[in-house]
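Chemist: One structure, as structure tokens, below. Some questions next.
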Amino acid sequence: MDQSTSTKIRQTKTEPERHPNVAGRDKPETPRFLIGISHSSEHEACARAVHALLSIGSHYVTHADWGCLDGVHKTWMIVEVDTRGEARQIVPPAFRSDANVIALNRFTLQGIKSILDLQESAA
């Protein structure tokens, strides 16, 4: 995918637009964000990081998925909140600066066809 296509696909707003619910309801779907936190792969450091997060007992860690046992020393969670800032606030303060917060989106076949048509007409 070239730079111009990537730019057209990516929304220029800092927050994702609300989009129709997959079930076809009139109410727009709340934006979704993937929150990820990495930590050290060294055995003791990993155990300390997991212990620190679990000890906090926050909403984040009670709903997080971990990759440590598969050698990927990260934790992830998908949240539905209105803004990226709200998503970041879910992360315990000690880990907030290292967290990745990614706005998630969905594509429809018709929507992606429109993007491809724009690309072809621009060429």
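Chemist: Label points 7 Å out from Cα along the Cβ direction at D117 and S58: separation in nm?
Modeler: 4.5 nm
Chemist: Report the Cα centroid-to-centroid distance between the range 70-101 and the range 52-66 in angstrom, as an integer.
Modeler: 11 Å
Chemist: Relative contact order of the range 36-96: what whole-number percent is it, with Cα pairs under 8 angstrom and at least 6 residues apart? Show your work: numbers first, answer last.
Modeler: Working: 56 pairs, mean separation 21.4, N = 61.
Here the relative contact order equals 35 percent.
None of the figures in this text is laboratory data; all of them are computed from the coordinates on show. It should be emphasised that the depicted structure is a prediction, and the values quoted were computed from it without experimental measurement. For neighbour counting, all protein chains shown are included, and Cβ atoms are generated from backbone atoms with ideal geometry for every residue, glycine included.
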